[in-house]
């Protein structure tokens, strides 16, 4: 009889230990799931601001095309860059899973940003554009969008940092892979990443 009581006691202790492990693991799983959803949410925010820039470009091109002898090569450059972005196949609602995916996204968006900066630089030679109210409005919207891109990229990287830390911490590191929780890539830090790209210019020619 004594052995039976001892055996039952051992089983109870083991059951309690298993229950504690299940509770801890369940809480950890829920935390990982919440952090993953937060990463995906911030990725969607990043996509939205880049899409906002994409949506502004056709109106910008249409406006500058009206300027006499505007550089056709510059318009061709931005058309090609915009087309490259349009070919990206990264899921808009789920953050990239590999560094290669995010590098592809950054490369295409970077080319578009460079082409956009080129247009803004060229417009300095066209006073009629500076006097165009529609162009001034587009310029202001683009400047605001570039600022938002910088902010949302930072928010995304911060959410990835929290998620990756949780995935690689104990006890999640023991089972995260089994539930398809993998670390996610960051946006690469670039020179001047703490400052939005400069797209504004002197509209009034003041000294």
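Yes/no per residue for (1) surrounded by 11 or more Cβ atoms within 10 Å (Cβ to Cβ); (2) closer than 30 Å to residue 138 by Cα; (3) modelled with pLDDT under 65; (4) over 15 Å from the mean Cα position of the chain (by Cα):
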position: 25; (1), (2), (3), (4): yes, no, yes, yes
position: 30; (1), (2), (3), (4): no, no, no, yes
position: 36; (1), (2), (3), (4): yes, no, no, no
position: 44; (1), (2), (3), (4): yes, yes, no, no
position: 49; (1), (2), (3), (4): yes, yes, no, no
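Suppose we filter 62, 87 for residues that are farther than 20 Å from residue 153 by Cβ and under 19 Å from the mean Cα position of the chain (by Cα); which single one remains?
Result of the check over 62, 87: 87.
Would you mention how many residues in the stretch 62-100 are farther than 14 Å from residue 47 by Cα and assigned to a helix (DSSP H, G or I)?
19
Tally the residues that are under 26 Å from the mean Cα position of the chain (by Cα) and crowded, with 17+ Cβ neighbours inside 10 Å, restricting the search to the stretch 119-140.
4
Look at residue 152 and say whether it is part of a helix (DSSP H, G or I), over 30 Å from residue 65 (Cα atoms) and touching a helix residue (DSSP H, G or I) at 6+ places or on another chain (Cβ under 7 Å).
So residue 152 passes the test.
Out of the residues in the stretch 159-172 meeting the condition of being part of a helix (DSSP H, G or I) and in contact (Cβ under 8 Å) with a residue 60 or more places away in the chain, tell me which one is surrounded by the fewest Cβ atoms within 10 Å (Cβ to Cβ).
162
Six or more apart or on different chains, Cβ atoms under 7 Å: show the pairs whose first residue is in the stretch 107-118 and under 15 Å from residue 46 (Cα atoms) and whose second is part of a helix (DSSP H, G or I).
Note: pairs meeting the criteria are 108/84; 108/85; 109/50; 109/85.
The values are calculated or read from the model by the stated rules, or taken from the named source; none is laboratory data. In this text, all values refer to a predicted model and were calculated from it rather than measured experimentally. Glycine also receives a Cβ, built like all others from the backbone with ideal geometry; neighbour counts cover every protein chain displayed.
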